[in-house]
Amino acid sequence: MTSESALPHPTVRQLLEVPRFRLRLVAGQDGLDRPVRWAHSTELPDPGPYLRGHEVVLTVGASLRDAGACAAFVDSVKAGRASAIGYGVGDVTDAVPEELRDACDRVGLPLLEVPPEVPFLGFTEWFAERLASAGDERHEREETGRLLRMVRDGLASAEALRPRIDDAGLDHASLLVIAMDGAAEDELPGVLGVDDDRALLVTNDAHAWSEPAGVGSPGPLEHLPVSLAESLTALDAARRSGGVVHAADLATFQALLGRLEQHQLAPFVEQIG
């Protein structure tokens, strides 16, 4: 949960939308959905061996004096699995070289024009800030997951979650828990916690889920432990049947059978037969 590889990376398209950079796409439109992990500044003619993949490679073009050098540079960046090239205008040339544009279009590698007033250091600072922010969010989700686990086990009152619920602007009269496999989407409305491989969402919206999911019954804050237990039981049923299982579904005979293993079903099969 805490590795850099687990963090979602912005795409080249999203990097173009960051206001502080004021980037302009000048070539390689086909590669806009590539993820960007980091920024790497270089004036080496062959930077490929020094790349780890998914970088935006920043250069002012000091070594890009002709079409052959531009083509070799682009091929090296491509071989290093980088996601884009950012060319800083104003130092060596006042515009992005046409030969560099042609080379990037040839291999489908996005080429971004970086304005003179935007320092390359600003890119690494932005990625570092983003990593730190993601780490803070991850820690908060893990802490919320720990609190929810304590509430489930009777080691803490649901009142311990009140500050988080207030911060999320949730209605205390109609709270419910949704348990989902894996990592839930960031935009889901509510208080999100992680517990092992499950995402636990305290919310007012019974439809805020990704499949498979178990949805507990709604109620006031003091009902939260019940809704939490229901959501986890419902998630177990949803894993077997697929889709979404609500707390009300757990009372049906079909749901009961769906929660039993094959050897547990045997006595029922014998009686029916």
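The values are calculated or read from the model by the stated rules, or taken from the named source; none is laboratory data. All figures in this text were calculated on a predicted structure; none of them were measured in a lab. Cβ: placed from backbone, ideal geometry, glycine included. Neighbour counts: every protein chain shown. Remember, those area values only see protein heavy atoms, side chains included, never the ligands or the DNA or RNA. Shrake-Rupley method; radii C 1.70, N 1.55, O 1.52, S 1.80 Å.
Couple of notes before you dig in:
- Extents of the chain, taken as max minus min of Cα coordinates on every principal axis and listed largest first, are 83, 48, 26 Å.
- Residue 241-residue 20 FRET efficiency (beta carbon distance; Förster radius 45 Å; 0.05 resolution): 0.40
- Extension gain for residue 181 to residue 67 (0.36 nm times residue separation, less C-alpha to C-alpha distance): 35.9 nm.
- With every protein chain in place, the chain: carbon and sulfur % of accessible area (1.4 Å): 52
- Computed extension length for residue 211-residue 106: 33.7 nm, one decimal, from 0.36 nm per residue of separation with the Cα-Cα distance subtracted.
- Under a 5 Å amide H cut-off, with hydrogens placed 1.01 Å from N, residue 39 pairs with 56 among residues at least 5 apart or on other chains.
- Taking amide hydrogens as placed 1.01 Å from N in the peptide plane, the amide H of residue 181 sits under 5 Å from those of 199, each at least 5 positions away in sequence or on another chain.
- The order of 164, 149 by accessible area, most exposed first and with a 1.4 Å probe, is 149, 164.
- Across the stretch 209-215, rounded Karplus estimates of 3J(HN,Hα) from the backbone phi angles (6.51 cos²θ - 1.76 cosθ + 1.60, θ = phi - 60°) give 8, 10, 7, x, 8, x, 10 Hz, Gly and Pro being marked x.
- Calculated [222 nm] ellipticity per residue, helices only, for the chain: -11500 deg cm²/dmol; basis is -39500 (n - 2.57) per DSSP H run with n ≥ 4, divided by all residues, nearest 500.
- Degrees between helix 224-241 axis and first principal axis of the chain (Cα, 0 to 90, nearest 10): 80
- Helix 98-107 vs. the chain, principal-axis angle (Cα, 0 to 90°, nearest 10): 40
- Estimated vicinal HN-Hα couplings, Hz - the stretch 58-69 in sequence order (Karplus 6.51, -1.76, 1.60; Gly, Pro = x): 9, 8, 9, x, 4, 9, 9, 8, 8, 4, x, 5
- 3J(HN,Hα) couplings calculated from phi for the stretch 17-25 with the Karplus curve 6.51 cos²θ - 1.76 cosθ + 1.60 (θ = phi - 60°) are, in sequence order, 8, 6, x, 5, 8, 6, 6, 10, 6 Hz; Gly and Pro show x.
- Theoretical FRET efficiency, 1/(1+(r/R0)^6), r = Cβ-Cβ of residue 150 and residue 130, R0 25 Å, to 0.05: 0.20
- Calculated accessible area for the stretch 1-133 comes out at 49 Å² per residue, all protein chains present (probe 1.4 Å; ligands, DNA, RNA ignored).
- Think of the stretch 1-71 as having a plus end and a minus end, set by charges on the Cβ of Lys, Arg, Asp and Glu; of 21, 40, 62, 21 sits farthest toward the positive end of this dipole.
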